[in-house]
Amino acid sequence: MKVIRDTDVLVVGAGPTGLALGIDLARQGVAALVVERAETLFPGSRGKGIQPRTMEVFDDLGVLGAIRAAGGTYPVGMIWQDGGRVAEHRMFDAAEPSEAAPYNEPWMVPQWRTQQILRARLEELGGEVAFGRELVGLTQDEEGVRAEIASGGAVTARYAVAADGGRSTVRGLLGIGMTGETVDPHPTLVADVRISDLDRDNWHVFPPGEGDGFLAICPLAGTEDFQLVAQFPEGTAPDLSLAGIRKVVAARSHLAPESVTELRWASDFRPRAALADRFRSGRVFLAGDAAHVHSPAGGQGLNTSVQDAYNLGWKLRAVLRDGADAALLDSYEEERRPVAAEVLGLSTRVHRGETRRGGATRQLGLGYRESPLTRETRTGPGAVRAGDRAPDGTVAGVRLFDAFRGPHWTLLALGDAQAPDLGARIPVVRGPAPGAYGPGLYLVRPDGYVGWAGDTAAGLPEYLARFGRG
C-alpha cells in the first residue's frame, strides 16, 4: 500500500486528547499528523467541565485566553418539584483562588467549542488535522509504525498514539483489553437543545418521579444552548429524536413540549468505568478515553485525557529530538496509569453520591512522587516535594507560571540555594521562596511537575542527562 505520509508521530483521533498532544508536539518542533475518521470535529457538549489543573495546562499551551472567553462559571443548581422551585443545590464545593493555585473552580466550555479552540491553536503552530481518515490496520516493527487508511494509502511514523475514544480501533488492533465495571445500569440521554421558557441563571434539576429517572437541564456558557441529561429505567432505549426529547421534558418538568425549540445533538450511553490493561504496546501508546473510560460525574474524563497528552508530549520530544534513551517512554504508563485508576475511582464515587465534587476533582493534588523519574534528594523536604505539581507564585518579580510556560525545563533556586550553570536551554529563576515553597533547588519538568529537588546541585547534571539535557 502506498505511503501517503511519513511523520514522527501519528495521532489517531481529533478529540481533546489528540488535539492537545498535537499542539504540544508542534510547539516542540516534532512533526506530527492528527488523523480523524469523521469529516468534522465532534459536534456535542459532552465534556463541558474544565478543571483547574487543566486550566493550568491550557495556560501553558497558549489557549487559556480563548477558553476563558468562550465559557463561564457553573450556575447554581435549582431543584424543581411540581412546577415550583424548592431548593438550591451547590454542584461544587467552593474554593478561593490563591497565589499557588490561581484557577480555583471548574470552567464550563462545551466540548465542541474546546475542540475548535484547540484545533485553531494547532493550526497556528503549523500542525494539521486530516479528516475522513479512518484507520483500519496497524503494524509495527523496531523502526516504526505503519497505519493503513480506509480511503487508501498508509501513514508511517516512528510512534503512534491512540486517542480515538472509548471504542478505540487502535486498542482493538493491539489486542489490549480493558478492565472495569458498569457504574450505573440505567441508560442516560445527553443532548444539546434550545429551550424557551427557562432561565439561564440556574442548572435546573427535576428529581425522578414514579417510574422515571431524573432530568437535568444546564445552560451552556458562551452559547444559547442547554445541555439536557435524562436517565431512563434499565432496559430502555432512549428516543434521541426531537419528538422523543420533547416527550421526556413534558413528562418530567413543568415545561410544554414545544418549549424545546431545537435539537442540535444527542447521544446515549450507560455510565461505566474501565481502565486499559496497558497504556503501551511497542511504539504505540493509548491516551484519553482509549486508555480509561469514566462516568461523566465530576468532570474528570476530558481533564485526565488532556493531561495524558501533556505527560506524553515532552517525553516524545526528548527521545525524538534531544537524544534521550527510548526507555524514557516507559514512564508514560508508569505515571499515568496509576493516576487514571485513582481518578476512575473518584468519578465512580461522585456518580454514586459517595463523595462531593470537591478538592480532589480539581486535580491539583495529583502527582508522581512514586515515579521512576522523580528524585527527592533533600533529607527534610517541605510541602512541595519532587513529583508534585509545581505551584504558581512570584519570585523576585517573576510569576512562576510565566517562567514555566513553554516546552522547557525550569530551575528554581529559592532562598540561599545556589544554582549551577545549566546552559541557556534551562532558564533559572532565583529569589526568596514564595509561600508554597521552601528554600532549595527545584527542577520543574516541561509538564509543570517537580522532577528533581535538592538542597544542593549534587546529582542534578546526571539527572538531566537522562533527558538529553546533560
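General observations
- Restricting the first member to the stretch 289-304 and to residues that are in contact (Cβ under 8 Å) with a residue 24 or more places away in the chain, and the second to residues that are of a type in the set (D, E, K, R), the beta-carbon pairs closer than 7 Å and six or more apart or on different chains are 290/164; 290/171; 291/308; 293/272; 298/357; 301/289; 303/53.
- Put simply, of 66, 87, 26, 31 the only residue that is within 18 Å of residue 124 (Cβ to Cβ) and touching a strand residue (DSSP E or B) at 6+ places or on another chain (Cβ under 6 Å) is 31.
- Filter result (out of contact with any Lys or Arg (no Cβ under 9 Å at 6 or more places or on another chain) and crowded, with 17+ Cβ neighbours inside 10 Å) within the stretch 172-199: 173, 189, 195, 198
- Of the strands (runs of 3 or more DSSP E) contained entirely in the stretch 384-470, those carrying at least 2 residues that are open to solvent by 10 Å² or more (accessible area, probe 1.4 Å) fall at 428-431.
- Counted residues, the stretch 34-51 - those being open to solvent by 10 Å² or more (accessible area, probe 1.4 Å) and of a type outside the set (Gly, Ala, Ser): 9
- The one condition from (1) touching an Asp or Glu at 6+ places or on another chain (Cβ under 7 Å); (2) buried (at least 16 other Cβ atoms within 10 Å of the Cβ) that residue 251 does not meet is (2).
- Test: residue in the stretch 356-367 that is more than 22 Å from residue 436 (Cα to Cα) and in contact with a Lys or Arg (Cβ under 6 Å, 6 or more places away or on another chain): no
- When the strands (runs of 3 or more DSSP E) confined to the stretch 124-186 are screened for residues that are at pLDDT below 95 and in contact with a Pro (Cβ under 8 Å, 6 or more places away or on another chain), those reaching at least 1 such residues are found at 178-182.
- Any chance residue 20 is part of a helix (DSSP H, G or I), of a type outside the set (Lys, Arg), without any contact (Cβ under 8 Å) to a residue 60 or more places away in the chain and open to solvent by less than 60 Å² (accessible area, probe 1.4 Å): no
- Residue within the stretch 225-244 that is part of a loop (DSSP other than H, G, I, E, B), modelled with pLDDT of 95 or more, out of contact with any Cys (no Cβ under 6 Å at 6 or more places or on another chain) and within 22 Å of residue 89 (Cβ to Cβ) present: yes
- Residue pairs whose Cβ atoms lie under 6 Å apart, sitting 6 or more positions apart in sequence or on different chains, and linking a residue in the stretch 163-179 that is within 10 Å of residue 290 (Cβ to Cβ) to a partner that is part of a loop (DSSP other than H, G, I, E, B) and open to solvent by 30 Å² or more (accessible area, probe 1.4 Å), are 170/164; 176/277; 176/278.
The values are calculated or read from the model by the stated rules, or taken from the named source; none is laboratory data. The shown structure was predicted, so the numbers you read here are calculated from the model rather than taken from an experiment. Neighbour counts are summed over all protein chains in view; Cβ atoms, including those assigned to glycine, are modelled from backbone coordinates with ideal geometry. Please note that ligands, DNA and RNA were not included when accessible areas were found on the heavy atoms of the full protein model with its side chains. Shrake-Rupley method; radii C 1.70, N 1.55, O 1.52, S 1.80 Å.
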